[in-house]
Amino acid sequence: MTPRSSRTTVPLVLALATVTTALTLQQPAHAAADRIRLGSTTDVSRVSWNGPAFTMNGAGAVVTASMARAVDEIRGGTGSLDVVVLSGSAPTSGSPTPECDTVMALSGVNSCTTWTLTAAADGNNSQVNTDIRNAEFVYFAGGDQCRYAAWKGTALEASVESVVAKGGGSGGGSAGHHINSPLVYDACNGSVTSTEALANPYNRYISFTTGMFEWADYGAVLNDSHFVTRDRMGRTMAFLARAVKDGLAPGGTAWGVGVEEGGGSLFLDRNGKATQYGKDAYVVLADHQPEQALDRKPLTYTGFKIWRLAPGTIFDFRNRPTCGYYLRSVTGGVPDTNLYNGTPITDCAGQGGGTLAESEPNDTRDTADDATALPSPATLTGSMKSASDRDYFKVSLSSGRTATITCAIPSAYDADLYWLDAAGSTLERSVNDGAGTDESLTFTRTATGTVNYYLQTEAYSGSGTTPYSCTLTKS
């Protein structure tokens, strides 16, 4: 007779083995990190770069205009560079390398490598980090920012930071835009709408990652994407109120940067000046404690300050303006109407924030763009479109006042700066050598009365459509 224990144990062992096999088949292993490289198989070798430069896009795709500018500025207009694209998932259709397809069509790109990383542990993959550290620009693709936030504290975080530190750049679109701000809405608990966030700024779908990437001049910022199309102004307001209430942003202020999809891209240069491309962006400031921000209570916040950045607009993140915004509030979870348009406040007791872009022809004193009414500090911008281009701006100055002008010159050309009297005589000048070399000058009026002067920028060598940006301060 077969012992009872033997008769029952054998079928049980077989059953457990069958179940284990079934579970193994139903739970596929984590996919290995995938690498696709386009262009040269050898990285460039160069000792100096002229960034950092950043591109913040409203949708996942690379925006050609801002990316071309980033490439040009980082490489100083000469040589080439390597780009790495990081993605949390492979495209479900079309090209497996859509971002690199666009990047490789740009001048000055040696290679573009796409890495698809699907687990937090991939942030410590040695080949991934070697490619990043050898690159000059890292682009985070659209997708899921929670996957990107999981790389906080891994070698990948330090590798991306090393690229920026050497004068390279970083950027991304959609989820990749989110992860490039120091305060990240990480969506790890799910996505939240504006209506949900305003009804309860502590909604369970709202979670943040802080302190991952903290780029110079971009402190206390929270990025959001697909901004107007998906009506995300309201949720950004709720996020900022939370950031101020919970101390997530230093100094008791929090800034939102919302970029629209369909080609919207905010380019940030090494001097902290951002230029908007393609579609509008919005800068939203919460600079005081909310009147009400509690769990399961609707938000009340009076006086969000909003700057609307149309394409071509420059916003100075290093010297953030205190004027030129419009105001919108939220009361009991209900926002004011017309959140995306408003009349800017320009009378801010001389606190500044004005911007004037050149309007050609402005090649003589008689056709100068008039900057006399701009509050201080003001931003003047233009470009040296030809080797003989000159731009003139008219500036008034009263007795005892000092005008200080600092100009960030792009790497595409060498431009010089002159301060002229009403007759065109040179009173001060700045003529530093080298393409991309910044210029600055100072002039104090000692005579009585108020008169007009002229600021002249002149192409010394080279040309291009990349804009220069001058900050004019009167003290």
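The values are calculated or read from the model by the stated rules, or taken from the named source; none is laboratory data. As the structure is a computational prediction, the values presented were derived from the model and not from experiment. So basically every Cβ, Gly included, is an ideal-geometry build from the backbone, and we count neighbours across all protein chains shown.
Residue pairs whose Cβ atoms lie under 7 Å apart, separated by 6 or more positions or on different chains, with the first residue in the stretch 246-263 and of a type in the set (S, T, N, Q) and the second surrounded by fewer than 24 Cβ atoms within 10 Å (Cβ to Cβ) and in a strand (DSSP E or B), are Thr253/Leu285.
Scanning the stretch 349-386 for residues that are of a type in the set (A, V, I, L, M) and modelled with pLDDT of 90 or more yields Ala368, Met384. For the stretch 189-204, a residue qualifies if it is over 10 Å from Ala238 (Cα atoms) and acidic (Asp, Glu), but none of them does.
Total residues in the stretch 196-220 satisfying the condition of being crowded, with 24+ Cβ neighbours inside 10 Å and touching a Ser or Thr at 6+ places or on another chain (Cβ under 8 Å): the figure is 0.
Annotation note: Cβ proximity below 7 Å between a residue of the stretch 110-133 that is more than 29 Å from Gly79 (Cβ to Cβ) and a residue that is outside any helix (DSSP H, G or I) and among the aromatic types (Phe, Trp, Tyr) (sequence gap 6+ or interchain) occurs for Ala120/Trp151; Gly123/Trp151. Would you mind stating whether Asn223 is of a type outside the set (Val, Ile, Thr), in the same structural domain as Asp269 (by TED's automatic domain parsing) and more than 22 Å from Gly264 (Cα to Cα)? The answer is no for Asn223. Picking from residues in the stretch 210-234 that are of a type in the set (Ser, Thr, Tyr) and touching a residue at least 40 places away in the same chain (Cβ under 8 Å), the one that is farthest from Tyr148 (Cα to Cα) is Tyr218. Picking from residues in the stretch 248-282 that are in contact with a Phe, Trp or Tyr (Cβ under 7 Å, 6 or more places away or on another chain) and polar (S, T, N, Q), the one that is surrounded by the fewest Cβ atoms within 10 Å (Cβ to Cβ) is Thr275.
Scanning the stretch 186-211 for residues that are touching a Lys or Arg at 6+ places or on another chain (Cβ under 8 Å) and either within 18 Å of Thr229 (Cβ to Cβ) or assigned to a helix (DSSP H, G or I) (or both) yields a count of 6.
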